[in-house]
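One structure below.
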Amino acid sequence: MGRCIPRGDRGSRRAARRRRWPRYGLAVIDPAAVTAIDVHVHAELTRAGRDPVPPRLREAARRYFRSERPLPTVDDVAAYYRERRLAAVVFTVDWELQSGIAPIPNEEIAEAAHEHADVLVPFASVDPARPDAVERARRLIDEHHVKGFKFHPNLQAFHPNERNAYPLYEVIAEAGLPALFHSGHSGIGTGLPGGGGLRLKYSNPMCLDDVATDFPELEVVIAHPSFPWQDEAISVCLHKSNVWIDLSGWSPKYFPPQLVQYANTQLREKVLFGSDFPLITPDRWLADFEEAPFRDEVRPLVLKENAARLLGL
C-alpha cells in the first residue's frame with residue numbers, strides 16, 4: 001500500500017480570504033424538471049469518433065464492469081439522459097502525459113454541454129503536471145465556463161496532496177468550483193499484468209484530507225465507494241465540511257454497510273448519486289438503489305438535492 005506524501009509546513013495562510021470568481025450562470029438545468037442528478041458521467045469518444053483510451057485498458061475495463069455498451073460522445077450522453085429526465089455532470093480525463101494520447105478536448109465537452117444545457121453540466125480535466133495547468137484552468141473557467149474539475153490520480157500518477165498541484169487547486173477554489181477526485185480501486189487496468197502500469201496507492205482518500213484542510217473553500221468530492229479505504233473516506237467526509245462522497249462505480253447492492261449507515265445519518269447531506277456511465281448505467285444504478293437500505297427521507301437528498309446544492313443549481 002502506498003503512503004500519502006506528507007503535507008509539510010503550510011507556512012502562514014493568507015490573512016484575506018481568496019477572491020472568488022463569479023459562478024457563470026449559463027447552465028439552465030431546472031432541478032424540478034429532472035428526477036435525479038448524476039454527478040459522475042464520462043464522455044468516451046470525441047464528436048469525430050476518436051477513443052482516447054488505449055485498447056488494452058478499454059478492454060480490461062469492459063471485462064471488469066461487464067459492460068458492452070457503445071462508447072458515447074457527449075451528444076450521446078445528452079440524448080440518453082434527456083430521454084430519462086436525468087441531468088449529468090460530464091467530463092473526460094486528461095492523462096496525456098502518461099498515455100501519450102490526447103484526451104477529448106475540454107473545450108469540446110464544454111461546448112457540447114452548453115448546447116445541451118438542459119441536462120448537462122460540464123467539468124474539465126487538467127493534469128496538474130502540465131507546465132501550463134494553471135493557465136489552462138483559468139481559460140477553461142473564463143472562456144468556456146466549466147462548472148468543476150475532475151482528477152484521476154491513478155491515471156495521472158500523482159498523490160492529490162502533492163504541492164505542485166496546489167496552484168491548480170487555488171484557481172479552482174478561487175472560482176468557487178468543486179473538484180472531483182477518483183478514489184479507491186480502479187477498474188481501469190484491473191486484471192492486466194502490472195495493472196496496466198497503474199498504481200492504486202495514488203487513490204487513497206486520506207490524501208484528500210490535506211487538500212480539504214489546505215483549501216477550506218474548495219468543495220472536494222471523493223468519487224466512488226473507496227475500497228479498500230472506505231472508512232478513511234467516511235472519516236475525511238465527516239470531519240471536513242467541504243468534502244462530499246459520490247456513489248459512482250458500484251451498484252448500490254454492493255455498497256459497504258458502513259457507507260450506507262453514514263449516508264443514512266451523519267453524511268445524509270453530503271452523499272451524491274453517481275453512476276460512472278457508460279460503465280454502469282443509471283438505469284441499473286437507480287434500480288438497485290430502490291432495493292438498497294436507504295431511508296425514504298434520505299433518497300431525495302442522494303438523488304438530487306445534495307447535487308443541486310453542490311452545483312449551485
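The values are calculated or read from the model by the stated rules, or taken from the named source; none is laboratory data. These numbers come from a predicted model, not from an experiment. Note that each Cβ is placed from the backbone with ideal geometry, even for glycine, and that neighbours are counted across all protein chains shown. Remember, those area values only see protein heavy atoms, side chains included, never the ligands or the DNA or RNA. Shrake-Rupley method; radii C 1.70, N 1.55, O 1.52, S 1.80 Å.
Numerical summary
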| item | result |
| --- | --- |
| Matching residues, the stretch 201-211, being surrounded by 18 or more Cβ atoms within 10 Å (Cβ to Cβ), in contact (Cβ under 8 Å) with a residue 60 or more places away in the chain and within 22 Å of GLN98 (Cα to Cα) | TYR202, ASN204, CYS207 |
| The listed residue being open to solvent by 40 Å² or more (accessible area, probe 1.4 Å), modelled with pLDDT of 95 or more and farther than 30 Å from GLY176 by Cα, out of GLU305, GLU291, GLU269, GLU297 | GLU291 |
| Of all residues making up the stretch 282-296, the number that are free of Cβ contacts under 8 Å to residues at least 24 places away in the same chain and either on the phi > 0 side of the Ramachandran plot or of a type outside the set (A, V, I, L, M) (or both) | 2 |
| The stretch 149-195: number of residues that are in contact with a Gly (Cβ under 6 Å, 6 or more places away or on another chain), buried (at least 20 other Cβ atoms within 10 Å of the Cβ) and at positive phi | 1 |
| Exclusive hit being open to solvent by less than 10 Å² (accessible area, probe 1.4 Å) and either over 30 Å from VAL302 (Cα atoms) or not in a loop (DSSP other than H, G, I, E, B) (or both), set VAL121, VAL146, VAL134 | VAL121 |
| GLU59 being over 21 Å from the mean Cα position of the chain (by Cα), more than 15 Å from PHE277 (Cα to Cα), modelled with pLDDT under 95 and among the charged types (D, E, K, R) | yes |
| Qualifying residues in the stretch 272-288 (those that are out of contact with any Ser or Thr (no Cβ under 6 Å at 6 or more places or on another chain) and assigned to a loop (DSSP other than H, G, I, E, B)) - the one most open to solvent (accessible area, probe 1.4 Å) | THR281 |
| The listed residue being polar (S, T, N, Q), over 18 Å from the mean Cα position of the chain (by Cα) and more than 22 Å from GLU59 (Cα to Cα), out of THR213, THR190 | THR213 |
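For every residue, the table says whether it meets (1) in a helix (DSSP H, G or I); (2) open to solvent by 80 Å² or more (accessible area, probe 1.4 Å); (3) in contact with a strand residue (DSSP E or B) (Cβ under 8 Å, 6 or more places away or on another chain); (4) not acidic (Asp, Glu).
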{"site": "VAL41", "(1), (2), (3), (4)": "no, no, yes, yes"}
{"site": "PRO52", "(1), (2), (3), (4)": "no, no, no, yes"}
{"site": "ARG69", "(1), (2), (3), (4)": "no, yes, no, yes"}
{"site": "ASP75", "(1), (2), (3), (4)": "yes, no, no, no"}
{"site": "ALA78", "(1), (2), (3), (4)": "yes, no, yes, yes"}
{"site": "TYR81", "(1), (2), (3), (4)": "yes, no, yes, yes"}
